[in-house]
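The block underneath contains the structure these notes are about, expressed in structure tokens.
The values are calculated or read from the model by the stated rules, or taken from the named source; none is laboratory data. Since the structure is predicted, the reported quantities are computational estimates derived from the model, not experimental observations. All Cβ positions, even for glycine, are placed from backbone atoms using ideal geometry, and neighbour counts span all protein chains on display.
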Amino acid sequence: MKFTYFHLMPYRFLPEGFKQRYHSVWVDIPNRIYDPKVGHRLYHEYLDQLEYAADLGFDAIGVNEHHQNGYGLMPSPNLMAASLARRTRQATLVVLGNSIALYNPPVRVAEEFAMLDVLSGGRLVAGMPLGTSMDANFCYGAVPSTLREKYREAHDLIVRAWTSPEVFAFNGKYTKLRYVNIWPRPIQQPRPPIWIPGGGSVETWDFAAEHDYQYSFLSYFGYRAAQKVCDGYWEVMAKKGRQLNPYSLGFALGVVVTDTDADAERYYAEHVEYFYNRCLHIAPGFADAPGYRTLKSIQASLLPQPDRKSMAIFPEGLKWRDFIERGFLVAGSAATVRQQLREVIKGLRCGHLIVLQQIGSMPPELVRRSTELFARDVMPQLRDLWSEFEDRWWPRALPETERAMPAPVAMARAGADKVAP
Amino acid sequence: MKTVYKVADDRFSVETYVTGSGEPLLFLHGAGGLIGFEPFLDLLGERYTVYAPHLPGYGESTGGEFIEDVFDAALFYHQLMDELGIPSAHIVGHSMGAMLAAETAALDTRRARKLVLASAAGFWLDRHPIADLFATPFNELAALIFHDPKSALAQALTAVPDDQGAILALYLERMKRLGMASRFLWPIPERGLGKRAYRIAAPTLLIWGESDRLIPPAYAEEFLSRIRNCRLEIIREAGHMVMYERPQAFVKAVCDFLAA
């Protein structure tokens, strides 16, 4: 069993009454709410958290891409991964991922991922999402009904750019290039492992299965709602004759670990409520651009449907007990969390748990405590799960002896401080 | 009468509402598509043979995968007209359909005998940004496209059914239709018509609902300044759905223009 410590990098200071006062947390959220000086502190706070998680022994640390979004401050996750590559040594870097159809030309992704792979000594997991409708269609203007085709073409181009030993011409419908020839190329051969994050579209399972990629189910509806999705995924894998290897499935979940069960609600409830009631205030009109999902995926109706009257995806005013009862997150003492996670992991048959421990407005001291408890009293006790399977979706990093070591920063050396004006 | 035409062998199958008799008139629907309640088509049918095809991807029409931009759409309409035996016709378009009608007329100047563009898409003015139809939830649509969103008509045409199955069916059809429309209208409903409009040779009538809140009547100026033989008629107490809200006034404007 492997654990990725995942971060969304939310803005922790959306104002009181955000939901009533603003149209949406995503796409048209006014950027005057964002204070760059606060943002400066937040980036460092969050990078510290990821680096600390790497120190504590999480197998991986993870970042992702969102645009014009009040709870996801990483339009470019690659910048964050680059920073993390310098200050961590062992942890896998899960970039989950780059919305490959939105890069023009998509070889940009092949190049940047290759840079990260080389910089980190082969520790990269290359995530390739289609991108949410909010990001891809509304923020970046991609035509919804052709996005999936564009995505597949971008994927083919990137993988070929990584693996082709020769310069080649690429005559795609969306990208035409006479000379594809990326420098640098990745350390991992033939390429970094590819994970496909998804929100439950049935075509994405087909795509992952066709290419033997890992599929990571990302949702904020928690583990109960995930059962149908994961069952559907395994059904497709079985139909396609794939081995039902749990490492081919990742699942993202909010986890809070505290000294006692009662502490979870007492200290963490307001921050989780902030997440569901402010961060997830997504205008219904932005949630599902026409043509973004195929009719087949809509018909499958795997996810909870918007409320008919309000069109809201998350009901109004959810409280702590709703999150717990509905299984949106797992919270409590280490013993409680261990027992519940074991059931969740076995029930969904997932080999990669993508753990979200900084949730909503959680301040650093609470995140630190919960992270430490997870790393000490939960993670080691769950490691035995799925030991009979091989994880074929994990980086093959350079051996320690072949890795470059970032030199310590020596301000005084060469009189650097005297040169400054 | 509903008729299904095969076009370009089996490439397209086109559900078409055909009514009336007289000179041929082709009606091109807007982004929402035909809804099976179009009294204005029957009124036009008293003077003309009306063909109202569902664009592939709409209704029962198939072949949407072959239409990815306005050029594909215009060429599809050329092909359809040839196979209907009406190589030229009066062409009347609404909203997105007006944009495609203008392209159809510009790409082959012999297709349109006369052209009617109602609540027409096709241009973008920074000082009059067009509301985002795609981000408008169905239950907020009436306020955007009807003069009087509280009217029985507006309420009936944007009613959400009670039954879950019917809701899903409505949602699916709407996603299918607007998904197709997004190929011409996403994210900004402008695809360079301004470069080609000079080619439009047919006498052209613009019709605008006075209170069109989706594409404001200010857009008429763009068409008037770019199409040679073009005039504007404003219809009062009508919004974007002008021919649904004021069928008699709409049909009279069209028929007077076509007969002149």
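Here is a list of conditions, (1) part of a strand (DSSP E or B); (2) within 14 Å of chain A (Cβ to nearest Cβ); (3) of a type in the set (D, E, K, R), and B:Lys176 meets all of them except one; can you say which number that is?
(1)
Tell me which strands (runs of 3 or more DSSP E) are completely within region A:1-119 and hold 2 or more residues being modelled with pLDDT of 95 or more and β-branched (Val, Ile, Thr), or say none if there are none. Before you say what the answer is, go through the steps one by one.
On the way: elements: A:2-6, A:60-63, A:92-95.
The strands (runs of 3 or more DSSP E) meeting that bar are A:60-63, A:92-95.
Going by the conditions given, is A:Ala209 crowded, with 21+ Cβ neighbours inside 10 Å and either in contact (Cβ under 8 Å) with a residue 60 or more places away in the chain or touching a helix residue (DSSP H, G or I) at 6+ places or on another chain (Cβ under 6 Å) (or both)? Outline the logic, then answer.
Numbers: crowded, with 21+ Cβ neighbours inside 10 Å: no; either in contact (Cβ under 8 Å) with a residue 60 or more places away in the chain or touching a helix residue (DSSP H, G or I) at 6+ places or on another chain (Cβ under 6 Å) (or both): yes.
The answer is no for A:Ala209.
For residues that are more than 7 Å from every other protein chain (Cβ to nearest Cβ), in a helix (DSSP H, G or I) and out of contact with any Lys or Arg (no Cβ under 7 Å at 6 or more places or on another chain), tally how many sit in region B:181-199.
Initial filter on region B:181-199 (more than 7 Å from every other protein chain (Cβ to nearest Cβ)): B:181, B:184-185, B:188-199.
Filter again for in a helix (DSSP H, G or I), leaving B:181, B:184-185, B:193-199.
Going one step further and asking which of them are out of contact with any Lys or Arg (no Cβ under 7 Å at 6 or more places or on another chain), we end up with B:181, B:185, B:193, B:195-196, B:199.
Residues in region B:181-199 being more than 7 Å from every other protein chain (Cβ to nearest Cβ), in a helix (DSSP H, G or I) and out of contact with any Lys or Arg (no Cβ under 7 Å at 6 or more places or on another chain): 6 in total.
Given the residues A:Leu8, A:Leu84, A:Leu47, which is the only one that is without any contact (Cβ under 8 Å) to a residue 60 or more places away in the chain, crowded, with 16+ Cβ neighbours inside 10 Å and closer than 29 Å to A:Leu385 by Cβ?
Working: A:Leu8 fails: without any contact (Cβ under 8 Å) to a residue 60 or more places away in the chain; A:Leu47 fails: closer than 29 Å to A:Leu385 by Cβ.
Of A:Leu8, A:Leu84, A:Leu47, the one residue that is without any contact (Cβ under 8 Å) to a residue 60 or more places away in the chain, crowded, with 16+ Cβ neighbours inside 10 Å and closer than 29 Å to A:Leu385 by Cβ is A:Leu84.
If you scan region A:343-373, which residues turn out to be over 19 Å from the mean Cα position of the chain (by Cα) and farther than 26 Å from A:Tyr213 by Cβ?
A:Glu343, A:Pro363, A:Pro364, A:Glu365, A:Leu366, A:Arg368, A:Arg369, A:Ser370, A:Glu372, A:Leu373
Consider B:Val70 against the criteria (1) in contact with an Asp or Glu (Cβ under 8 Å, 6 or more places away or on another chain); (2) within 17 Å of B:Ala8 (Cα to Cα): it satisfies all of them except one. Which criterion is unmet?
Going through (1) in contact with an Asp or Glu (Cβ under 8 Å, 6 or more places away or on another chain); (2) within 17 Å of B:Ala8 (Cα to Cα) one by one, B:Val70 breaks only (2).
Inspect region B:130-139 for any residue being within 24 Å of B:Pro39 (Cβ to Cβ), within 14 Å of chain A (Cβ to nearest Cβ) and surrounded by 20 or more Cβ atoms within 10 Å (Cβ to Cβ) and give the result as yes or no. Explain how you work it out, then say what you get.
Narrowing region B:130-139 to residues within 24 Å of B:Pro39 (Cβ to Cβ): B:133, B:138.
Restricting the remaining residues to those that are within 14 Å of chain A (Cβ to nearest Cβ) gives B:133, B:138.
If we keep only those that are surrounded by 20 or more Cβ atoms within 10 Å (Cβ to Cβ) too, we end up with B:133.
There is at least one residue in region B:130-139 that is within 24 Å of B:Pro39 (Cβ to Cβ), within 14 Å of chain A (Cβ to nearest Cβ) and surrounded by 20 or more Cβ atoms within 10 Å (Cβ to Cβ).
If B:Gln155 passes every condition in (1) without any contact (Cβ under 8 Å) to a residue 60 or more places away in the chain; (2) outside any helix (DSSP H, G or I); (3) more than 14 Å from chain A (Cβ to nearest Cβ) but one, which one does it miss?
Going through (1) without any contact (Cβ under 8 Å) to a residue 60 or more places away in the chain; (2) outside any helix (DSSP H, G or I); (3) more than 14 Å from chain A (Cβ to nearest Cβ) one by one, B:Gln155 breaks only (2).
Would you check if B:Glu15 is at negative phi, charged (D, E, K, R) and surrounded by 21 or more Cβ atoms within 10 Å (Cβ to Cβ)? Before the answer, list the steps.
On the way: at negative phi: yes; charged (D, E, K, R): yes; surrounded by 21 or more Cβ atoms within 10 Å (Cβ to Cβ): no.
In short, no.
If you go through region A:1-31, how many residues are of a type in the set (A, V, I, L, M, F, W, C) and more than 23 Å from the chain's Cα centre (by Cα)? It would help to see each step written out before you state the result.
Pass one, region A:1-31, residues of a type in the set (A, V, I, L, M, F, W, C): A:1, A:3, A:6, A:8-9, A:13-14, A:18, A:25-27, A:29.
Now narrow it down to the ones that are more than 23 Å from the chain's Cα centre (by Cα): A:18.
Selection size over region A:1-31: 1.
Being of a type in the set (Gly, Ala, Ser) and either touching a strand residue (DSSP E or B) at 6+ places or on another chain (Cβ under 7 Å) or away from every other protein chain (no Cβ under 14 Å) (or both) is the filter here, so list the residues in region A:244-291 that pass it. Please lay out each step first, then the result.
Start the filter on region A:244-291 by keeping residues that are of a type in the set (Gly, Ala, Ser), which leaves A:248, A:250, A:252, A:254, A:262, A:264, A:269, A:283, A:285, A:287, A:289, A:291.
Residues satisfying the conditions are A:Ser248, A:Gly250, A:Ala252, A:Gly254, A:Ala262, A:Ala264, A:Ala269.
I'd like the residue in region A:132-186 that is small (Gly, Ala, Ser), within 14 Å of chain B (Cβ to nearest Cβ) and surrounded by 21 or more Cβ atoms within 10 Å (Cβ to Cβ) and, out of all such residues, is farthest from A:Gly122 (Cα to Cα).
Among them, the one singled out is A:Ser145.
Of everything in region B:224-242, what is closer than 18 Å to B:Lys252 by Cα and either free of Cβ contacts under 8 Å to residues at least 40 places away in the same chain or in contact with a Cys (Cβ under 6 Å, 6 or more places away or on another chain) (or both)? Give them in sequence order. Step through it out loud before you land on a result.
Let us first name the residues in region B:224-242 that are closer than 18 Å to B:Lys252 by Cα, namely B:230-242.
Residues satisfying the conditions are B:Cys230, B:Arg231, B:Leu232, B:Glu233, B:Ile234, B:Ile235, B:Arg236.
With respect to B:Ile167, is the statement that it is facing chain A (nearest Cβ under 9 Å), among the β-branched types (Val, Ile, Thr) and free of Cβ contacts under 8 Å to residues at least 40 places away in the same chain true? I'd like the intermediate steps shown before the answer.
Details: facing chain A (nearest Cβ under 9 Å): yes; among the β-branched types (Val, Ile, Thr): yes; free of Cβ contacts under 8 Å to residues at least 40 places away in the same chain: yes.
Yes: the conditions hold for B:Ile167.
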